[in-house]
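The values are calculated or read from the model by the stated rules, or taken from the named source; none is laboratory data. Given the structure is predicted, the values throughout are model-derived calculations rather than measurements. Neighbour counts run over all protein chains shown; Cβ positions are idealised from the backbone, glycine included.
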């Protein structure tokens with residue numbers, strides 16, 4: 001490969017963020033543009049060369065259309081003054097210097113377009129890196145963004161790029177689920193993103209994999225280059241880009257002396273989990289990436305409480321076929337074993353399912369997504385239902401409907417699932433008995449939980465989205481992170497109401513979402529009546545140890561007091577004081593919510 | 001072929017926005033348009049943004065614009081006007 005910037009020329013810079021998954025790692029940057037892929041070289045047959053050039057040109061046209069749409073939107077929302085950068089990007093896409101270089105590569109070296117784009121980009125970046133002008137040197141990131149966009153556009157006909165180098169530290173603006181699904185995370189050493197918070201996708205993935213992660217690094221992505229040396233120190237909420245030799249030496253001894261943060265597997269996992277006063281508690285696993293499958297058993301989960309099926313969509317951008325889904329669900333059932341798995345129907349917006357041509361939504365989290373999408377695109381729902389019903393004949397599977405607003409959503413989805421069941425049976429295909437549950441994560445569902453409870457087999461409480469929708473706070477938006485309060489009294493009240501409605505209807509309620517994986521929060525949830533949790537598998541041993549050490553009655557007492565609090569600050573203060581006094585051995589100070597600092 | 005000497009007067013130099021404007025303007029003409037640093041250290045095709053950015057022309061840099069083709073007079077006029085007007089940025 002062409003040579004990149006020499007590291008010695010780069011001064012060490014330090015970036016403060018929020019460590020959301022513990023650990024320290026020294027590695028090399030893999031810069032990920034939202035949705036970015038790794039590129040591999042393929043050699044073409046002579047007869048395919050012109051086809052490849054045409055494929056490249058089609059990708060340029062697609063990327064250009066996307067950029068023009070983004071530019072129009074930016075002009076409208078930010079004003080023309082701020083949209084100019086996209087104009088520059090469009091011009092870069094159209095730049096003959098780049099186009100001719102790529103096409104020449106494809107023809108002369110008979111390589112795939114992705115590789116040719118990468119080589120051309122690297123060559124340009126090397127030239128820019130030589131320039132003695134800070135502003136201009138920063139344009140390198142524009143070139144990376146433009147070429148990544150071409151590569152993404154090329155992937156319409158997908159190739160398999162999923163391998164990372166051994167020391168890859170993924171640096172992204174934000175790790176979208178789509179990007180997450182495309183990377184082979186087993187080799188990722190750490191994650192570092194510009195935005196996001198404790199419950200962002202980045203944080204969830206990192207904790208699931210047991211690798212360090214820091215979010216909220218603001219401008220890191222723009223300033224890092226693939227291949228740069230980087231240290232991710234989640235313990236000090238810090239990223240060090242281009243570390244000096246001395247810094248690296250310092251950290252090397254630190255990394256070696258510290259135990260790796262992976263938790264010891266499976267301890268006492270075969271015993272049923274009980275609180276000190278004998279209340280039986282179930283801990284299940286949330287699963288998305290195949291890399292997490294192994295963790296289900298390793299950390300002693302009682303089956304899979306939440307399988308995020310949208311993972312299947314994300315490397316394809318079109319709904320997978322019934323057969324593909326059937327195979328995937330069968331595998332999930334096998335991983336989950338006797339305890340079974342709960343498959344959440346696709347929880348995504350139309351942009352992810354319908355491909356890039358889908359209409360842009362002004363407010364996608366409140367838009368046509370999850371069950372709403374499935375109900376308006378019945379074929380997608382029917383295919384998924386058939387695949388699950390068939391797989392359930394050979395393993396224990398349940399279905400949970402995401403983003404339910406009221407009983408109507410439940411009735412419509414249930415009717416379609418039952419129609420498919422009848423059809424399969426009429427065809428003589430074997431189907432399994434599945435239970436149908438509702439995700440309770442929208443405030444209207446909380447308020448009508450009693451009604452919904454009488455029409456479903458179980459509840460899944462999605463705490464991440466519940467907090468977001470209840471408090472009207474975008475959980476990916478770092479600017480409003482202060483308003484995202486998992487311990488807000490309204491959140492606790494909603495959880496209590498939902499669990500209470502389930503109890504009165506004699507149906508189980510499983511609390512999914514990241515709240516349950518934080519031991520202190522798990523105790524509050526326990527006190528609110530939750531006895532069934534689903535969380536990132538690697539969090540299970542920690543939460544298990546906590547629950548074994550507390551009394552259900554004590555948890556109830558503190559939960560009652562929390563419900564009386566006026567503000568999230570009051571709840572946190574209460575938790576801090578009470579836990580420290582009551583269970584000092586279980587909760588070291590760092591495990592409790594930190595006091596808010598004003599300003 | 002005609003040529004004309006200009007000076008970069010806007011504060012940020014030939015950065016992304018100015019370069020984009022320059023390339024858009026130049027591309028509207030059929031003539032070949034080139035920019036060369038007056039000190040002869042670098043030259044660029046005015047219709048390629050990647051090439052224009054590589055000039056790294058900061059404020060105060062002197063450039064020689066050359067145009068060659070059927071509409072070379074109009075082309076060089078339009079491009080030089082951008083430099084004179086500071087790419088519409090100077091009054092801010």
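A search for C-beta distances below 7 Å between a residue of the stretch A:268-282 that is assigned to a loop (DSSP other than H, G, I, E, B) and any residue that is at pLDDT below 85 and buried (at least 17 other Cβ atoms within 10 Å of the Cβ), counting only pairs 6+ apart in sequence or on different chains, returns A:269/A:300. Residues in the stretch A:474-498 that are buried (at least 19 other Cβ atoms within 10 Å of the Cβ) and part of a loop (DSSP other than H, G, I, E, B): A:475, A:476, A:484, A:485, A:486, A:487, A:488.
Just to be sure before I move on: is residue B:59 within 14 Å of chain A (Cβ to nearest Cβ) and surrounded by fewer than 21 Cβ atoms within 10 Å (Cβ to Cβ) in the structure I sent? So residue B:59 fits the description; yes. Just one of the listed residues (A:520, A:530, A:501, A:555) is touching a helix residue (DSSP H, G or I) at 6+ places or on another chain (Cβ under 9 Å), within 20 Å of residue A:442 (Cα to Cα), touching a residue at least 24 places away in the same chain (Cβ under 8 Å) and in a helix (DSSP H, G or I), and it is A:501.
The sole residue among B:84, B:6, B:65 that is more than 13 Å from every other protein chain (Cβ to nearest Cβ), exposed (fewer than 14 other Cβ atoms within 10 Å of the Cβ) and farther than 21 Å from residue A:90 by Cα is B:84. Of all residues in the stretch A:29-50, those satisfying the criterion of being modelled with pLDDT under 90 and surrounded by fewer than 16 Cβ atoms within 10 Å (Cβ to Cβ) are A:40, A:41, A:42, A:43, A:45, A:46, A:47, A:48.
What do you reckon, is residue B:27 without any contact (Cβ under 8 Å) to a residue 40 or more places away in the chain, within 14 Å of another protein chain (Cβ to nearest Cβ) and surrounded by 21 or more Cβ atoms within 10 Å (Cβ to Cβ)? Judged against the criteria, residue B:27 is not a match. Of everything in the stretch A:533-545 that is farther than 23 Å from residue A:493 by Cα and in contact with a helix residue (DSSP H, G or I) (Cβ under 9 Å, 6 or more places away or on another chain), the residue that is surrounded by the fewest Cβ atoms within 10 Å (Cβ to Cβ) is A:545. The one condition from (1) at pLDDT 75 or above; (2) within 11 Å of chain B (Cβ to nearest Cβ); (3) surrounded by fewer than 23 Cβ atoms within 10 Å (Cβ to Cβ) that residue A:111 does not meet is (2). Filtered by the rule that a residue be at pLDDT 75 or above and away from chain B (no Cβ under 14 Å), the stretch A:73-108 gives A:103, A:104, A:105, A:106, A:107, A:108.
If you take the residues in the stretch A:127-141 that are surrounded by 20 or more Cβ atoms within 10 Å (Cβ to Cβ) and at pLDDT below 75, which one is farthest from the other protein chains (Cβ to nearest Cβ)? Result: A:140. Inside the stretch B:30-56, residues that are free of Cβ contacts under 8 Å to residues at least 12 places away in the same chain, more than 9 Å from every other protein chain (Cβ to nearest Cβ) and over 12 Å from the mean Cα position of the chain (by Cα) make up a count of 2. Which residue is farthest from residue A:398 (Cα to Cα), if the candidates are limited to the stretch A:504-513 and must be touching a helix residue (DSSP H, G or I) at 6+ places or on another chain (Cβ under 6 Å) and crowded, with 22+ Cβ neighbours inside 10 Å? Going through the qualifying residues, I end up with A:513.
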